[in-house]
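Read through the structure below, which is laid out as structure tokens, and then see the notes.
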Amino acid sequence: MRPRTHALGLIAVLTVTGAGLAAPADAARLPARTPECQGDWLPATPTSEDVMNGELSFLDRPAVKIGTKVDWSLDPYKSRSWQMVFQSLRWMGRLVADYEATGKQAYLNRATEIAKDWVEKNPYGGRTTNKYAWQDHPTALRAPALVCLSRYVSDAWLKNSLAVHAKLLADPRFYKAGHNHGLDQDIGLLRIGCRYNQKGWKDLALDRMVKSMKLDIDSEGALREQAPRYAIYVHDRLRVATDTIKDCGLKVPDDLAKRWDGLPKHISAATQPNGYMVPLGDGPPNIQPAGFAHSSETVQVFKAGYVFGRTAWGDPQSAYYSIRFGPGMKFHGHEDHLGVTYYAQGRNVLTEAGFHSYENTSYRRWTMTPEAHNVPVVVGKKFRGRTPSSLVRRSVGKDRQSFTLTDKAYGVSRTRAVLVNHDQDVMAVLDATRGGKVRNLWHFDPSMKVYSNAGGQVVVGEGSWRATLVQLSMPSCKPIGGQKVVRGRTNPYQGWISPAYMKKVAAPAVVSPAASSLLTIVVPGTAKPEVSCSGRTVIVHTSDGPTSFKISGSDLV
């Protein structure tokens, strides 16, 4: 049974002492700070003064004037994300939290006006109710804000609305298990259950939370949502969850604590030497985590589908790379399997198109395709989305690591071998497929300019610094020309990078020629690398001297 708007059967259990609005706070004595209203569950923006002035600024977008009488159909940026934050009412909760901190009665009065108006204008299932109002995430985030307000307002309209929220949050058909939305739903239900001492809601929220987080975070501490930056969000929300559990007088389950404790290792592994997270899945390149402990290992392989490697911790000049494999795309993932990124000599060299927004636009859809990533593409074959891939070989040494991956995302086997050599910085990638030809794509950082493209070599650089991409047809080991450099194309999209939310900039992308087997070598620090072959051995002359590696079947060693 779906929740009914009035939820009369639940109102009787939502009883609190006191009536109506609290009296003005004595200037000499501030209101007591309550667990429901304090803590880091509220966002920092907009501030209470912004809300009092009728201005809301979300997601770094310019402030929107809402005035005194709120129009709940507002959608100034045609943005699902903006609507979600707007309908969550957490900005209303900021007023109540600051009322407790300052004693300003005007804050509490305005919070009550906003919440009451929202409840009246957005009944569950109402004909004119905003379509985002009762979606899973805004509902989950709004519940704690309304619980906070309930510390000072005991009117029936608020108890009624909290009953509807609890009923919906408890509905298994509404629940997002194994996802950050599910965690927020559990927090919301637990807050309501604790506020009104409803054991059924408390037990359900806590039981689901443990099971859901064991689905979302694996035993290695890796987030399974396929965008490492969401591990920061989940880690922060788990802190809120554990605070809520303790506020409720309950014990934090050991399994939940273990999953929370495991996340920092994953977050730090996915952080490049420049301090910013590698932009995988729905993750922009401007996320800078702080204060997370890291493993002592410089190369980490997560069964969730990640290889992260670096030459050293704490050195901005360290080389760094990522490789993707694992389960098929879900949640916040992109079709980036077999994809690589490469950071060397203090610079982002190979990156990805990244995350632009959640809006259903042609550009957003392109950023999720293989063509927006550094991947091999099988020519003439249709791509099969959500195909898993496997890491079939690994060799991890101090100065060199190599990995081989495979899948059938194009209906036939495609294989990629990746070798990263340190000291003499080199990344080598061998791509092959059975029964056809393969081409690949390489997305360079927007700071890079293309200086030359000839004879199977593309030279890029920034200032006086250069890097070279060399391509050889295998097994002949002869240079293969015909590389196409694309920058800022729109039909179809190619040659774009999203540096931040709702932003995109043109950046050079190299589309290779097709070959039955294609060896790509990226050499940072030089515009004139000499590359030669002797049998199955490839010799590369870097700016720091020569290095070599061997081709053994489909592997690089």
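The values are calculated or read from the model by the stated rules, or taken from the named source; none is laboratory data. This one's a predicted model, so the numbers in the text were calculated from it and none came from an experiment. Positions of Cβ are backbone-derived with ideal geometry, glycine not excepted, and every protein chain shown enters the neighbour counts. Ligands, DNA and RNA are excluded from the accessible area calculation, which covers all protein heavy atoms including side chains. Shrake-Rupley method; radii C 1.70, N 1.55, O 1.52, S 1.80 Å.
General remarks:
- Close contacts from the stretch 222-237, counting a first residue that is β-branched (Val, Ile, Thr) and a second that is open to solvent by less than 10 Å² (accessible area, probe 1.4 Å) and not in a helix (DSSP H, G or I), with Cβ to Cβ under 9 Å and a gap of 6+ residues or different chains, come to Ile232/Met277; Val234/Ile217; Val234/Leu223; Val234/Glu225.
- Restricting attention to the stretch 154-180, the residues that are surrounded by 23 or more Cβ atoms within 10 Å (Cβ to Cβ) and either touching a strand residue (DSSP E or B) at 6+ places or on another chain (Cβ under 9 Å) or free of Cβ contacts under 8 Å to residues at least 60 places away in the same chain (or both) total 4.
- One residue from Tyr451, Tyr410 being open to solvent by 30 Å² or more (accessible area, probe 1.4 Å) and either among the aromatic types (Phe, Trp, Tyr) or touching a residue at least 40 places away in the same chain (Cβ under 8 Å) (or both): Tyr451
- A Cβ distance below 8 Å, combined with a sequence gap of six or more or placement on separate chains, defines the contacts here; from the stretch 95-111, residues that are free of Cβ contacts under 8 Å to residues at least 60 places away in the same chain and closer than 11 Å to Tyr152 by Cβ reach residues that are open to solvent by 10 Å² or more (accessible area, probe 1.4 Å) and of a type in the set (Asp, Glu) in the pairs Tyr107/Asp98.
- Being buried (at least 20 other Cβ atoms within 10 Å of the Cβ) and closer than 18 Å to Trp41 by Cα is true of Ala97.
- In the stretch 79-125, the residues that are over 33 Å from the mean Cα position of the chain (by Cα) and assigned to a loop (DSSP other than H, G, I, E, B): Gly103, Lys104
- Considering Gly435, Gly456, the condition of being among the small types (Gly, Ala, Ser) and open to solvent by 40 Å² or more (accessible area, probe 1.4 Å) is satisfied by Gly435 alone.
- Residue in the stretch 122-140 that is more than 30 Å from Asn360 (Cα to Cα) and open to solvent by 40 Å² or more (accessible area, probe 1.4 Å) present: no
- Taken as a whole, the structure places Pro284 among residues that are touching a residue at least 60 places away in the same chain (Cβ under 8 Å), surrounded by 15 or more Cβ atoms within 10 Å (Cβ to Cβ) and either touching a Leu at 6+ places or on another chain (Cβ under 6 Å) or closer than 28 Å to Val418 by Cα (or both).
- Val510 being in a strand (DSSP E or B) and open to solvent by 10 Å² or more (accessible area, probe 1.4 Å): no
- Residue that is farthest from the chain's Cα centre (by Cα), among those in the stretch 48-69 that are part of a loop (DSSP other than H, G, I, E, B) and among the hydroxyl-bearing types (Ser, Thr, Tyr): Thr68
- Taken over the stretch 318-357, the criterion of being open to solvent by 10 Å² or more (accessible area, probe 1.4 Å) and either among the hydrophobic types (A, V, I, L, M, F, W, C) or at pLDDT below 95 (or both) is satisfied by Phe325, Met329, Phe331.
- Residues of the stretch 65-85 that are in contact with a Phe, Trp or Tyr (Cβ under 9 Å, 6 or more places away or on another chain), within 21 Å of Thr112 (Cα to Cα) and touching a residue at least 24 places away in the same chain (Cβ under 8 Å): Val70, Trp72, Gln83, Met84, Val85.
- Pairs where the first residue, in the stretch 42-53, is modelled with pLDDT of 95 or more and surrounded by 15 or more Cβ atoms within 10 Å (Cβ to Cβ) and the second is in a helix (DSSP H, G or I) and polar (S, T, N, Q), C-beta under 9 Å, 6+ apart: Ser48/Thr102
- Residues in the stretch 445-470 that are of a type in the set (Val, Ile, Thr) and more than 14 Å from Val485 (Cβ to Cβ): Val470 alone.
- Number of positions in the stretch 62-73 that are of a type outside the set (Ser, Thr, Tyr) and surrounded by fewer than 16 Cβ atoms within 10 Å (Cβ to Cβ): 6
- Scope the stretch 193-222; condition at negative phi and either in contact with a Phe, Trp or Tyr (Cβ under 6 Å, 6 or more places away or on another chain) or among the small types (Gly, Ala, Ser) (or both); matching residues: Gly193, Gly200, Ala205, Ser212, Ser219, Glu220, Ala222
For every residue, the table says whether it meets (1) touching a strand residue (DSSP E or B) at 6+ places or on another chain (Cβ under 7 Å); (2) part of a loop (DSSP other than H, G, I, E, B).
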position	(1), (2)
Met329	no, yes
His332	no, yes
Glu335	no, yes
Thr341	yes, no
Val349	yes, no
Glu352	yes, yes
Ser357	no, yes
Asn360	no, yes
Arg364	no, no
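- Criterion (at pLDDT 95 or above, loosely packed, with under 15 Cβ neighbours inside 10 Å, more than 30 Å from Arg364 (Cβ to Cβ) and not aliphatic (A, V, I, L, M)) met by exactly one of Lys251, Lys303, Lys265: Lys251
- Those residues of the stretch 299-323 which are on the phi < 0 side of the Ramachandran plot and touching a residue at least 60 places away in the same chain (Cβ under 8 Å), in sequence order: Val299, Val301, Phe302, Lys303, Ala304, Tyr306, Val307, Gly309, Thr311, Ala319, Tyr321, Ile323
- Residues located in the stretch 101-131, provided they are closer than 15 Å to Phe86 by Cα and either at pLDDT below 95 or among the polar types (S, T, N, Q) (or both): Asn122, Thr129, Asn130, Lys131
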